[in-house]
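The values are calculated or read from the model by the stated rules, or taken from the named source; none is laboratory data. The shown structure was predicted, so the numbers you read here are calculated from the model rather than taken from an experiment. We place every Cβ from the backbone using ideal geometry, glycine too, and count neighbours over all the protein chains shown. Surface areas here come from the heavy atoms of the whole protein model, side chains and all, with no ligands, DNA or RNA. Shrake-Rupley method; radii C 1.70, N 1.55, O 1.52, S 1.80 Å.
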Amino acid sequence: LADMGVDDGAEQREVVAVSLGRQLDHARQRTRHLQHGDAAFAAARDPAADQGDGHDFTLLGSIIHAHVGELFPGMTVENCHQFRITRNSDLWVDEEEMENLLQALQGELPRRRFSDAVRLEVADDMPDDLVELLLDHAKLGREDLYRVSGAVNLHRLAAIYDDVERDDLKYEPFVPGLQARLRGEEPIFEVLQRGDVLLHHPFQSFAPVVELVRQAARDPNVMAIKQTLYRTDSGSPLVEALIEAAQAGKDVTALVELRARFDEQANIQIASRLQAVGANVVYGIVGYKTHAKMLLIVRREGKKLRRYVHLGTGNYHAKTATAYTDVGLMTASASFGEDVQALFDQLTGLGRATRMNRLLQSPFTLHKTLIELIGREIDEAKAGRPARIVARMNSLSELSTIRALYEASQAGVQVDLIVRGICCLRPGVPGLSENIRVRSIVGRFLEHSRVCHFHAAGEELTYCSSADWMSRNLFRRVETCFPIKDPRLRQRVVQETLEIYLQDNTQSWELQSDGSYVRVQPKSPGDRVSAQETLLDRHTG
């Protein structure tokens, strides 16, 4: 049995899709006639290779399959199969009993690779006796076994994309758009004094968020900067700006979520760098991950202090902002500023939970308010008036929310859901969910925005949020949900993040009542609608 690697389901650190070029000609000849289950993955030649500069690829597993006998001289290899073990990636620390979360996580990280197994994937032709051996070794049951026809880890193919220069097989590059209001030399603070700015990534640039923090770091009138950091890129320009601000003597507070799964080590390094320059680094509330996306800047203007705020649905990560769809709001609204200030006070231990002006927050008011808003739509439908709910999220699994949506459907509320990933609700079930439609969009960009819209008796309430409709987000994390009050911006959010996605017929999959998905097809080429392509054309020009 050739062990093709035990993977912890987290860090893909091996380069396992190897570009070998013409040097593999000899190995290809030797593997061509092998009669084993992995023969389909023996080296395959790019048709373009015969026309000039081509590429030949093979998985590392195929090389081992082809030459496994050479690893065991004098022995006969009877079987060679790939397998992959996924381990529980949660790190356990007793937050109530330890004094230093950072040090506790540092001590726990090396143990992740030895944590409990949760899944076993094997090649589909692996004999049962070997499967049982692996299940017994990993202490797993048959329900944890997945037989795979093909490579057991498709992440290993990701390296090919960057190794091959085939523009005809890749998306055309684009430059994210920049609103006219933000193109000049005027400081962003002055732009926000005249009105809110809505950013829709990746169609619009993330650069204004970075520039806002940079300007704050260098502005002598800025007194304080507070920001949450859940996931961010290595060498993050935002972290560099916070360091610059701290070195300039400003009051910098960074709430770094050390328990962001798979980013623990990176966040420990960020926290250490910020502490080294005098920033106030905090780690949130015991028992609750801080998943909220908030930035607060306090600026002295004459004899008054003004707060500037950024709230978003996605992380402060300049790189993923070019690949994930997210919505961000920059505002100088006093009510938003007071709410974000109060929330930072809660998270840094300087204040207690208080009633917010505009923000909804987990674990206190978000779930309760969602249920109330759904209930209002139910009442409107029962009274014979228009009622509608449209929402998009990454995952939907929270039981009481699903039950409320079922009740809304039974009352006659039209419910449209755009759920990229996990969806535990079944639409179209007679007597239960006839008025609910669910679709998933799978395209060039990862759909990451969380947005919900309620007809609300004509009031038209629209919210953007950092939270999915899952138990962990609604009850075990600190999350923010913010309303879009400006009618012009609200209309834009509804149109760009909801309505156009409900019209998509090229990258949409509709969930059926039996749990299967059916791809939506345009009736004719002229009816083709792609939400992502439309937004690229609209904003990037």
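Residue count for segment 356-399 under the criterion of being part of a loop (DSSP other than H, G, I, E, B), within 29 Å of the chain's Cα centre (by Cα) and either exposed (fewer than 14 other Cβ atoms within 10 Å of the Cβ) or among the small types (G, A, S) (or both): the result is 3. Residue by residue through segment 139-159, note down the ones that are open to solvent by less than 100 Å² (accessible area, probe 1.4 Å) and either part of a loop (DSSP other than H, G, I, E, B) or in contact with a Leu (Cβ under 7 Å, 6 or more places away or on another chain) (or both). Within segment 139-159, L140, G141, D144, L145, G150, A151, V152, N153, R156 qualify.
The rows are residues; the columns are (1) charged (D, E, K, R); (2) open to solvent by 10 Å² or more (accessible area, probe 1.4 Å); (3) out of contact with any Pro (no Cβ under 7 Å at 6 or more places or on another chain).
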residue	(1), (2), (3)
F475	no, yes, no
L489	no, no, yes
D527	yes, yes, yes
S530	no, no, yes
E533	yes, yes, yes
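Return the residues of segment 491-519 that are open to solvent by less than 50 Å² (accessible area, probe 1.4 Å) and in contact with a Phe, Trp or Tyr (Cβ under 7 Å, 6 or more places away or on another chain); say none if nothing qualifies. Of everything in segment 491-519, just one residue is open to solvent by less than 50 Å² (accessible area, probe 1.4 Å) and in contact with a Phe, Trp or Tyr (Cβ under 7 Å, 6 or more places away or on another chain), namely L511. Using the structure shown, decide if Y316 is assigned to a loop (DSSP other than H, G, I, E, B), aromatic (F, W, Y) and in contact (Cβ under 8 Å) with a residue 24 or more places away in the chain. Yes; evaluated as a whole, the condition is true for this residue. Contact map, segment 394-412: first residue under 18 Å from A381 (Cα atoms), second residue hydroxyl-bearing (S, T, Y) and at pLDDT 95 or above, Cβ cut-off under 7 Å, separation 6 or more or different chains; pairs are Y406/S433; S409/S433.
Considering segment 166-177, and only residues there that are assigned to a loop (DSSP other than H, G, I, E, B) and open to solvent by 60 Å² or more (accessible area, probe 1.4 Å), the residue that is farthest from L199 (Cα to Cα) turns out to be R166.
Among the strands (runs of 3 or more DSSP E) confined to segment 46-138, the ones with at least 1 residues that are at pLDDT 90 or above and out of contact with any His (no Cβ under 6 Å at 6 or more places or on another chain) are located at 83-87, 117-123. Evaluated against (1) in contact with a helix residue (DSSP H, G or I) (Cβ under 8 Å, 6 or more places away or on another chain); (2) at pLDDT 85 or above; (3) not β-branched (V, I, T), E240 falls short on exactly one condition, (1).
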